[in-house]
Amino acid sequence: MNSDASSTGHATGLSHLAADGTARMVDVSGKPEQRRTAAASGKIFLRAETLELIQSDGIAKGNVLAVARIAGIQAAKRTGELIPLCHTLLLQQVEVNFDLKADGVWIGCEVRTVGRTGAEMEALTGVSVAALTIYDMCKAVDKTMRIGEVVLDRKTKETLG
């Protein structure tokens, strides 16, 4: 096996594939630690009646946004356990925010860490699990819900020192 191609992924163009096509975790041990941030967003589309129940704390399972915020934070912290080839990162900050719109709830997740690899998967996972939690908590009252528009909004890296 060509060690250059397998360590960089350049033979396939995909960093998680070795030259022979097998899946592999990317070796980031040689990369410098940097301050990294990532922000993602998404939306869960809901009926107006469901939004009113969320706002008035009328969902039987409890405070929907409080539970979804905790779920999103927890999911971001455990992304490496959920995504097979994702590195486990020590996150220094995870923020999950909500904005109620006329047709649903916008969800934002921002994560910060110091490490050798980006944190975009953690931000995307935080948004996704927060949306799934809202879905779970509201499924008894809204059969039309749908999750969509989950995107990475930005990621940054900054040299330390």
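The values are calculated or read from the model by the stated rules, or taken from the named source; none is laboratory data. Values in this document were obtained by computation on a predicted structure and should not be read as measured data. No Cβ is skipped: glycine too gets one built from the backbone with ideal geometry, and neighbour counts run over all protein chains shown.
Return yes when L89 is within 22 Å of S15 (Cα to Cα), without any contact (Cβ under 8 Å) to a residue 40 or more places away in the chain and aliphatic (A, V, I, L, M) and no when it is not.
yes
Just to be sure before I move on: is T117 under 19 Å from V151 (Cα atoms), β-branched (V, I, T), under 11 Å from the mean Cα position of the chain (by Cα) and surrounded by 15 or more Cβ atoms within 10 Å (Cβ to Cβ) in the structure I sent?
Considered against the rule, which asks whether it is under 19 Å from V151 (Cα atoms), β-branched (V, I, T), under 11 Å from the mean Cα position of the chain (by Cα) and surrounded by 15 or more Cβ atoms within 10 Å (Cβ to Cβ), T117 comes out as no.
From L51, L85, which residue is surrounded by 12 or more Cβ atoms within 10 Å (Cβ to Cβ), more than 17 Å from V127 (Cβ to Cβ), of a type in the set (A, V, I, L, M) and over 21 Å from the mean Cα position of the chain (by Cα)?
Criteria check complete, one pass: L51.
Residue-by-condition table, conditions (1) among the β-branched types (V, I, T); (2) more than 14 Å from the chain's Cα centre (by Cα); (3) assigned to a helix (DSSP H, G or I):
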residue: K61; (1), (2), (3): no, yes, no
residue: Q92; (1), (2), (3): no, yes, no
residue: N97; (1), (2), (3): no, no, no
residue: A130; (1), (2), (3): no, no, yes
residue: Y135; (1), (2), (3): no, yes, yes
residue: K155; (1), (2), (3): no, no, no
residue: E158; (1), (2), (3): no, yes, no
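Hey, can you tell me all the residues within segment 102-111 that are outside any loop (DSSP other than H, G, I, E, B) and surrounded by fewer than 18 Cβ atoms within 10 Å (Cβ to Cβ)?
Selection gives W106 alone.
Looking at (1) at pLDDT below 95; (2) in contact with a Leu (Cβ under 8 Å, 6 or more places away or on another chain), can you tell me which one K31 breaks?
Result: K31 fails condition (2) only.
Residues G148, G126: which one is crowded, with 19+ Cβ neighbours inside 10 Å and within 17 Å of D99 (Cβ to Cβ)?
After ruling out the rest, the residue left standing is G126.
Mind checking which residues of segment 63-86 are in contact (Cβ under 8 Å) with a residue 12 or more places away in the chain, assigned to a helix (DSSP H, G or I) and of a type outside the set (A, V, I, L, M)?
Hits for segment 63-86 are R69, G72, Q74, K77, T79.
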